[in-house]
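Notes follow the structure.
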Amino acid sequence: MCNLYSLTKGQAAIREIAKVMEDDTGNLAPMPAIFPDTAAPVVAQGAKGRTLTRMRWGMPTPAFALKTRRTDSGVTNIRNTGSPHWRRWLGPEHRCVVPFTSFSEYETRPGAPAVPIWFALDESRPLAFFAGIWTRWTSVRKLKDGETTDNLFGFLTTEANATVGAVHPKAMPVILTSAEDVDLWLNAPWPDAAVLQRPLDDDALCIVARGGREDQG
């Protein structure tokens, strides 16, 4: 489960690859560590076309998992797109892409503390995108804040490739590496877009850093 990623490339690159028509993020500073519940940049369809905006990381939790909880901290990673809970947000109007330059999975070994391992497309950490979904939702995220209405996002996962699987065998994020894949994810009917929920080739990612709760690359 990817619960930590980094975005260190400027918004001009995001706008170019994702064909953004409107940008309401202001001055988007580098974000070397993005954690759950953070307001992070995403690209989604807006009233004037594709919009670069900020949303809160963590989609609504399924109701069955909230029965004994007073707050909903959100679901960051989505695997089972066949679930009725997630199917309602799979149309193009609820899809988004999440820009990143590296992401982290924790390596666990018996008797040792978990260590963040950072993955990117190569050592230069080029811009890529997670395939995400989003919705506007009213809930209690934190008791001290009470009920709030937020634009929320999460991104899809799939089976891990060999590179990620050596550290985290269960899953990896669904990653889009080209403008064509971004177009397909944001525009296509679900049966066509669903083919993107697959791992990258084994040699498409590399480890760029070990340890540290942020990636400055």
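Just a few scattered comments:
- Within the range 75-90, considering residues that are of a type outside the set (Ser, Thr, Tyr) and in contact with a Phe, Trp or Tyr (Cβ under 7 Å, 6 or more places away or on another chain), the one surrounded by the most Cβ atoms within 10 Å (Cβ to Cβ): Ile78
- Number of positions in the range 91-106 that are buried (at least 22 other Cβ atoms within 10 Å of the Cβ) and in a strand (DSSP E or B): 10
- Checklist (1) within 23 Å of Thr71 (Cβ to Cβ); (2) at pLDDT 95 or above applied to Asp145, failing item: (2)
- A residue that is part of a strand (DSSP E or B), touching a residue at least 40 places away in the same chain (Cβ under 8 Å), more than 18 Å from the chain's Cα centre (by Cα) and farther than 27 Å from Leu205 by Cβ cannot be found anywhere in the range 107-121.
- Leu152 being closer than 23 Å to Leu4 by Cβ, out of contact with any helix residue (DSSP H, G or I) (no Cβ under 9 Å at 6 or more places or on another chain) and at pLDDT 95 or above: yes
- Qualifying residues in the range 54-73 (those that are over 14 Å from the mean Cα position of the chain (by Cα) and surrounded by 17 or more Cβ atoms within 10 Å (Cβ to Cβ)) - the one modelled with the lowest pLDDT: Asp72
- Contacts under 8 angstrom Cβ, first residue in the range 13-33 being over 16 Å from Ala128 (Cβ atoms), partner exposed (fewer than 15 other Cβ atoms within 10 Å of the Cβ) and among the small types (Gly, Ala, Ser), 6 or more apart: Met21/Gly46; Met21/Gly49; Glu22/Gly46; Glu22/Gly49; Leu28/Gly10
- Meeting the requirement of 2 or more residues that are surrounded by 15 or more Cβ atoms within 10 Å (Cβ to Cβ) and over 17 Å from the mean Cα position of the chain (by Cα), the strands (runs of 3 or more DSSP E) wholly within the range 123-212 are 128-142, 206-210.
- So Asp37, is it at pLDDT 95 or above and at positive phi: yes
- Among the residues listed as Ala114, Ala39, the single one being in contact with an Asp or Glu (Cβ under 8 Å, 6 or more places away or on another chain), within 25 Å of Ala171 (Cβ to Cβ) and surrounded by fewer than 17 Cβ atoms within 10 Å (Cβ to Cβ): Ala114
- Matching residues, the range 27-51, being under 14 Å from Leu152 (Cα atoms) and aliphatic (A, V, I, L, M): Ala39, Ala40, Val42, Val43, Ala44
The values are calculated or read from the model by the stated rules, or taken from the named source; none is laboratory data. Everything quoted here is computed from the prediction, not taken from an experiment. Positions of Cβ are backbone-derived with ideal geometry, glycine not excepted, and every protein chain shown enters the neighbour counts.
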